[in-house]
Amino acid sequence: MAKPPAHRMKISFGSWAFSFGPYADQPIPFEATVERLSAAGYDGIEICGFPPQVTVDRYPTGASRRELLRFLQDRHLGISGYAADFTSVNPLAPQNRQPYVELFRRNVEMCVDLVSPALRVDTIAAPGSIDDQEYDTCFNRLADLWRECAQIAQDGHAAACVAWVQQASSRKTALERPVADR
């Protein structure tokens, strides 16, 4: 007879699914999404950090974040991650390095306050938005920036920093290699 697993698998759902795509014009409010996921029996939620959901500006203080955490706990939902909004500071642009780092720090603070185990980031650069000639420069700039940010997350006691990278060049290998591989 097989031994039962030591830990029960937990299932989480991303609230961003109700903010983009068919919901882009009329996002479902975060609170309604939480209620729906709780009623459906989910264990957790990956929080969308894009407006109008849970942003660092909407929840700017430790007190407001504790209230949000209580709201989730009262509905028996854990947090599997926080998908932060970095669209205001394209990390591929060299002039955005410091503003990106400052925004990253604010998002790490959000994760620490919410006890989120992960901060989700991506390039926010649409496929084909950089020329093939700029690819290596942009890739290296992004890798250096994300290494610095990973250290900030570690120093801030954020349990994890997840880098989800999407293709920003027409090159088949475009920005898809993990930062640690560069």
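The values are calculated or read from the model by the stated rules, or taken from the named source; none is laboratory data. Remember, predicted model here, so these are calculated numbers, not experimental data. Here Cβ is always computed from backbone atoms with ideal geometry, including for glycine, and neighbour counts include all displayed protein chains.
Among the residues of the range 7-21, some residue qualifies, meaning at least one is under 16 Å from Pro117 (Cα atoms), of a type in the set (S, T, N, Q), touching a residue at least 40 places away in the same chain (Cβ under 8 Å) and in contact with a helix residue (DSSP H, G or I) (Cβ under 9 Å, 6 or more places away or on another chain).
Residues in the range 4-50 that are among the polar types (S, T, N, Q) and under 24 Å from Val108 (Cβ atoms): 4 in all. Residue count for the range 132-182 under the criterion of being at pLDDT 55 or above and among the basic types (Lys, Arg): the result is 2. For the range 27-137, the strands (runs of 3 or more DSSP E) that sit wholly inside it and include 1 or more residues that are surrounded by 13 or more Cβ atoms within 10 Å (Cβ to Cβ), among the hydroxyl-bearing types (Ser, Thr, Tyr) and in contact with a Leu (Cβ under 7 Å, 6 or more places away or on another chain) are 78-84.
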